[in-house]
């Protein structure tokens with residue numbers, strides 16, 4: 001049976017995880033609208049690079065934000081690991097490594113972004129840009145697509161442990177697993193250049209963003225249901 005002290009510790013971890021979820025998703029949206037949207041042209045790497053050269057301040061500000069945001073992702077991953085390690089250490093460890101890999105790829109994306117600004121630019125916006133900045137931009141774009149695979153698999157594994165332990169409502173964990181499964185499918189589709197990948201990614205984005213807002217609020221207000229684990233443990237003891 002789970003004692004009150006470990007249960008209180010799990011609730012504390014759950015609240016911190018909830019705040020981390022909300023902080024990451026809300027600031028990510030604000031960053032995309034306020035900063036990233038200034039220099040991103042969907043489907044046109046060269047045009048995006050030109051805009052990056054035109055708005056270097058926004059690019060640098062967004063790079064600083066992304067370093068902080070991916071650091072917060074590592075914090076969230078550690079919190080989720082602490083919440084799930086006692087339930088299934090193997091799966092929790094794999095999920096942790098995937099989320100840390102997500103953050104490391106994010107840091108790489110920041111380095112590539114700054115590399116674009118400091119790479120040689122062949123001419124003015126009217127004359128176009130050189131091959132190196134565009135190559136770096138394409139590598140950055142590929143990095144973020146691979147990153148989405150890591151976040152998808154890592155989140156699905158953490159939610160699977162939550163689901164099996166009944167720490168969270170089944171409707172919430174199923175919602176999250178399906179949403180991130182859709183994101184996982186969309187990433188290779190986009191890497192292969194399939195037009196349907198953009199549509200699937202758009203649907204996945206809506207589902208995952210709304211899910212992270214809901215799970216963040218749920219963890220803050222409701223926490224996790226440690227009683228479900230306790231009740232299961234009592235039932236198994238009686239069966240023996």
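The values are calculated or read from the model by the stated rules, or taken from the named source; none is laboratory data. All values derive from a computational prediction rather than experimental measurement. As a convention, Cβ positions derive from the backbone with ideal geometry for all residues, glycine included, and neighbour counts pool all protein chains shown.
Per the listing 81, 53, the residue uniquely out of contact with any strand residue (DSSP E or B) (no Cβ under 6 Å at 6 or more places or on another chain), at pLDDT below 95 and in a helix (DSSP H, G or I) is 53. For residue 20, the requirement of being touching a residue at least 60 places away in the same chain (Cβ under 8 Å), buried (at least 17 other Cβ atoms within 10 Å of the Cβ) and either in a loop (DSSP other than H, G, I, E, B) or within 14 Å of the chain's Cα centre (by Cα) (or both) is met.
When residues in segment 106-120 are screened for being touching a helix residue (DSSP H, G or I) at 6+ places or on another chain (Cβ under 7 Å), free of Cβ contacts under 8 Å to residues at least 40 places away in the same chain and closer than 15 Å to residue 134 by Cβ, 4 of them pass. Screening residue 43 on (1) part of a helix (DSSP H, G or I); (2) surrounded by fewer than 17 Cβ atoms within 10 Å (Cβ to Cβ) shows it passes everything except condition (1). The set of residues in segment 151-189 that are in a helix (DSSP H, G or I) and over 20 Å from residue 203 (Cβ atoms) comprises 154, 157, 158, 160, 161, 162, 163, 164, 165, 170.
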